[in-house]
Amino acid sequence: MLKNGFKAALIIVLALMLHKAAFAAEVVNLPTEELAQESVLPVFDKPVSVKNRNVVTQGRFEIDGFYGYAMTEPIANVSKLGLGLYYNSSENHAWGLIVAKNFAGLSSYADQLNQQFQLDFNRAPAPEMTIMGDYNLKAFYGKMSLTKSIVFNTQLYGSLSAGAVKYVHKTYPAVAFGIGQKFYFTKQWAFRFDLRLYAHQAPIPFLNGKLKPNQPVPDYGDFQERVTYTTNLDVGLSYLF
């Protein structure tokens, strides 16, 4: 017991000594001429590519191919493939047309509902195609360098779209707005990412009494309609020509 008490006292004394040494007040005066007087910019192997705009879009067309994923779609297939064609009227504005074709079938959630409750959502109308006019406001052009010799060109933009979503039985007017980013890995080719929120009238896929196999098959007109909001992520390639 006495030995352990002696060890504890020794540890406390050493801790106090180290604490005092760590916080000892000492003023260090350096000559003014030895202090930094100006900032230094990073040195790149290709300074011209850093200062100048490498990707010029004004007066040029751009074609996109993309895969779309409906992040908040509960019943219909969440995937679609699409094409976009844009004209860049300036370095700040682009105008285009988007056409996307929905995959057939149902979402994994709808398949689970069918397995558990025998609800066949193939009886409900599903989206088939989307056609939108799209306006892009190019807000920020930047560059990103992972090494001193490679510079990636980036473009951040906002989008505003208007058009129609075609279901199997009816076409509904639609609008969308979102934000996007392009990463140019050459002066023509870029990865493109778009996140959009769609709003349009759409049929409600849930219809009591007509979705089970032993119930009468409903007409598409039996489904009520409401305003539907869908968040969509598009990922694809863009070619500037």
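Would you mind calculating the relative contact order of segment 72-192 from Cα pairs under 8 angstrom and at least 6 residues apart, reporting the percent as a whole number?
20 percent
By how many nm would the segment from TYR135 to ASN29 lengthen if fully extended, with 0.36 nm per residue of separation less the alpha-carbon distance?
Fully extending the segment from TYR135 to ASN29 adds 32.1 nm.
Okay, which of segment 193-219 sit inside 12 Å, backbone N to the point 7 Å along the Cα-Cβ direction of MET71?
What the label zone holds, given the 12 Å backbone N cut-off, is 194-198.
Here are some pairs, LYS101/LYS138; LYS138/LYS166; LYS101/LYS182; LYS143/LYS187; LYS166/LYS212; which of them have Cα atoms lying more than 24 Å apart in this structure?
From LYS101/LYS138; LYS138/LYS166; LYS101/LYS182; LYS143/LYS187; LYS166/LYS212, over 24 Å: LYS101/LYS138; LYS138/LYS166; LYS166/LYS212.
As an exercise, use a Förster radius of 51 Å and the Cβ-Cβ distance of GLN116 and ASN52 to find the FRET efficiency, rounded to the nearest 0.05.
Efficiency, rounded to the nearest 0.05: 0.25.
Looking at segment 127-209, which chymotrypsin sites (Phe, Trp or Tyr not before Pro) are DSSP coil and have at most 13 other C-beta atoms within 10 Å of their C-beta? Intermediate values should be presented prior to the final figure.
Numbers: sites: TYR135, PHE140, TYR141, PHE152, TYR157, TYR167, PHE177, PHE183, TYR184, PHE185, TRP189, PHE191, PHE193, TYR198, PHE206; in loops: PHE185, PHE206.
Loop-located and lightly packed - PHE185.
For segment 83-179, which trypsin sites (Lys or Arg not before Pro) are both in a DSSP coil and crowded by at most 13 other Cβ atoms within 10 Å?
Answer by residue number: LYS148.
Segment 87-159 to segment 165-241: how many Å between their Cα centroids?
If we compute the Cα centre of each part, the gap is 9 Å.
Starting with the highest mean, order 66-73, 221-228 by the number of other Cβ atoms within 10 Å, averaged over the residues of each peptide.
On the way: 66-73: 16.5, 221-228: 12.4.
Final packing ranking: 66-73, 221-228.
Given labels modelled 7 Å from the Cα in the Cβ direction, how far is it in nm from GLN201 to GLN188?
In this crude spin-label approximation the distance works out to 4.5 nm.
Grab the beta carbon distance between PHE241 and ILE150, set R0 = 22 Å, and tell me the FRET efficiency rounded to 0.05.
E between PHE241 and ILE150, to the nearest 0.05, is 0.40.
Count neighbours as other Cβ atoms within 10 Å of each site's Cβ, and list the GluC sites (Glu not before Pro) in segment 50-151 that are DSSP loop with at most 16 such neighbours. Write down the numbers at each step before the final one.
Numbers: sites: GLU62, GLU91, GLU128; in loops: GLU91.
Of the GluC sites (Glu not before Pro), the ones in loops of segment 50-151 whose Cβ has at most 16 other Cβ atoms within 10 Å are GLU91.
Calculate one ³J(HN,Hα) per residue across segment 185-190 by plugging θ = phi - 60° into the Karplus curve 6.51 cos²θ - 1.76 cosθ + 1.60, and present them in order as whole Hz with x for glycine and proline.
Karplus-based 3J(HN,Hα) across segment 185-190 equals 9, 9, 6, 10, 9, 8 Hz.
Please list 3J(HN,Hα) in residue order for segment 223-229, calculated via the Karplus relation 6.51 cos²θ - 1.76 cosθ + 1.60 where θ = phi - 60°; whole Hz, with x for glycine and proline.
7, 6, 10, 7, 6, 10, 10
Bear in mind these aren't lab numbers, they're just calculated from the coordinates by the rules spelled out. Worth saying up front: this structure is predicted, and the values here are computed from it rather than measured. Reconstructed Cβ throughout: ideal geometry from the backbone, glycine too, with neighbour counts over all protein chains shown.
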